[in-house]
């Protein structure tokens with residue numbers, strides 16, 4: 001048998017109920033979609049503020065395309081760094097209260113550049129067990145020694161830092177964990193970084209725009225600020241556009257610009273996306289009504305959904321995980337919901353630990369109370385129908 005027998009490998013995925021398939025969305029991102037030709041009520045996306053189809057953002061992008069075209073033509077350090085990129089980075093620095101910001105095409109590229117530029121052989125990275133794959137992969141790629149601590153375990157992290165004799169130490173964490181919806185103990189982490197001369201890398205992909213005063217993110221929510229923080233957030237979730245950025249001290253950002261391989265060797269994103277992101281920042285800053293509505297929806301879902309056999313994890317964010325357990329049962333539940341016209345993604349290993357497969361319910365300010373009520377009623381029916 002060939003070592004490249006992909007069909008056999010794919011069959012193995014099917015046997016483990018780990019095979020994934022794409023569904024074709026035929027409408028703009030929003031709560032009500034046409035998927036594979038059928039209308040569905042969707043609780044899938046990370047469009048937490050309902051900005052992905054916002055007309056004002058679309059018009060800003062269209063106007064930028066008319067004025068500046070589409071492609072950037074080169075990497076930022078050749079000729080691809082447009083005045084719109086520069087304006088966005090300045091705006092992001094101001095918005096986050098950081099000295100400087102650097103834009104990237106995706107959060108994955110941002111995390112790779114950030115961690116590999118700062119840490120290397122002889123250094124130590126301290127990573128939460130439930131960190132996003134981009135952080136995990138970036139830590140491995142850095143070739144630093146990786147110390148993995150249990151989820152949000154401050155005591156374990158403190159012990160690991162105290163034992164380390166590494167030249168440089170990085171504490172790396174999600175701010176809002178994408179599959180559990182809970183928030184990292186950032187004040188405690190920062191105190192440990194101060195004590196042990198470490199840098200705190202915070203991935204706020206799922207908090208930026210949603211949490212904190214004027215949507216400034218999890219750092220603002222928790223009142224955390226320090227030049228030791230390297231802050232990454234994305235612009236394709238609550239901001240509704242695409243891309244990501246890293247913000248922090250001017251020296252750290254300049255080093256990242258000089259040494260971040262996924263920044264240096266990547267064609268710059270289309271300038272029109274920067275125009276869209278700047279309009280999104282304006283809407284985020286003045287979007288308290290959206291965030292209030294989103295919090296009401298979270299409360300309504302949690303009050304209405306009291307599953308008998310499944311576990312709704314403790315989360316106050318827009319990510320509401322309903323743990324089913326086994327892969328096969330989780331797929332059956334997701335399929336049963338879809339048959340009722342409600343689309344909630346089934347999340348299985350390796351995205352989540354084995355035995356903790358779940359439905360990841362994502363709420364958006366674009367949802368209505370009626371949408372949430374329909375989801376709750378559908379889940380109740382499916383739970384009753386699939387019970388032992």
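None of the figures in this text is laboratory data; all of them are computed from the coordinates on show. Treat the numbers as computed from the prediction; the structure is a model and nothing was measured. Cβ atoms come from the backbone with ideal geometry, glycine included; neighbour counts cover every protein chain shown.
Some values worked out for this structure:
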read-out: Estimated FRET transfer efficiency when R0 is 41 angstrom, pair residue 18-residue 340 (beta carbons, to 0.05); value: 0.95
read-out: Zone residues, region 140-163, relative to residue 255, backbone N less than 19 Å from point 7 Å out along Cα-to-Cβ; value: 140-147
read-out: Helix-derived mean residue ellipticity, 222 nm - over the chain, DSSP H n ≥ 4, -39500 (n - 2.57), to 500; value: -13000 deg cm²/dmol
read-out: Modelled label reach - residue 9, point 7 Å along Cα→Cβ, region 341-366 residues with backbone N closer than 13 Å; value: none
read-out: Paramagnetic label zone (point 7 Å from Cα along Cα-to-C-beta, residue 226; backbone N under 12 Å) in region 193-214; value: 193-202
read-out: Volume per residue that the Cα convex hull of region 102-181 spans, once the total is divided by residue count, Å³; value: 87
read-out: Taking 312, 256, 77 and counting other C-beta atoms within 10 Å, the order from fewest to most; value: 77, 312, 256
read-out: Distance (nanometres) between label positions extended 7 Å along Cα→Cβ at residue 167 and residue 328; value: 5.3
read-out: Rotationally averaged projected area of region 55-285 (alpha carbon convex hull; nm²); value: 11.3
read-out: Approximate shape of the chain as ellipsoid semi-axes (Cα gyration tensor, √5λ), whole Å, largest first; value: 33, 27, 22
read-out: Pairwise label distance in nanometres, residue 308 with residue 67, each label 7 Å out on the Cα-Cβ vector; value: 6.1
read-out: Whole-number D in µm² s⁻¹ for region 255-377, Kirkwood Cα-pair radius fed into Stokes-Einstein, 10 °C, 1.306 mPa s; value: 92
read-out: Three-way shape label, region 32-173, alpha-carbon gyration tensor, a/c 1.5; value: oblate
read-out: Cα gyration tensor shape of region 121-163, rounded if a/c is under 1.5, else prolate or oblate by comparing a/b with b/c; value: oblate
read-out: Distance between modelled label sites at residue 188 and residue 146, nm, 7 Å Cα→Cβ extension; value: 2.3
